[in-house]
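K.L.:
Have a look at this one.
We did not get these values from a lab; they are worked out from the coordinates using the rules stated. Model, not experiment: these values are computed from the prediction. A quick note on method: Cβ atoms are made from the backbone with ideal geometry, for glycine too, and the neighbour counts reach across all protein chains shown.
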Amino acid sequence: MAVSEAAANSLAHGGGKGTLRLWTAAGAGAGVVAEIHDGGLLADPLAGRRRPSLTSAHGGRGLWMIHQLCDLVEVRATEHGLTLRLHVATR
């Protein structure tokens, strides 16, 4: 669900296209990692970390949901675009 939301956000807010990479992590941090990169920008460095209002017309609920579903969400914003890395540990 988190990867689907991130991919949808990439299409809607990241220039209409993006790249999705998936891999497994071994060792103590064993799990699955999904990386989504696009040409988008992120003005608020804390986006998704604060619970958005349910009545907000500005959205933000998808990124918040991603943070709730994943064990770790890494956000990297550069002049070349936005990269999200979603980590989910295997249990």
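K.L.:
I'm told ARG21 meets every condition in (1) touching an Asp or Glu at 6+ places or on another chain (Cβ under 9 Å); (2) of a type in the set (D, E, K, R); (3) surrounded by 13 or more Cβ atoms within 10 Å (Cβ to Cβ) except one. Can you identify the failing condition by its number?
P.N.:
In the conditions (1) touching an Asp or Glu at 6+ places or on another chain (Cβ under 9 Å); (2) of a type in the set (D, E, K, R); (3) surrounded by 13 or more Cβ atoms within 10 Å (Cβ to Cβ), ARG21 misses (3) alone.
K.L.:
Among the residues of region 33-53, how many are more than 14 Å from the chain's Cα centre (by Cα) and surrounded by 13 or more Cβ atoms within 10 Å (Cβ to Cβ)?
P.N.:
Looking only at that region, the number is 1.
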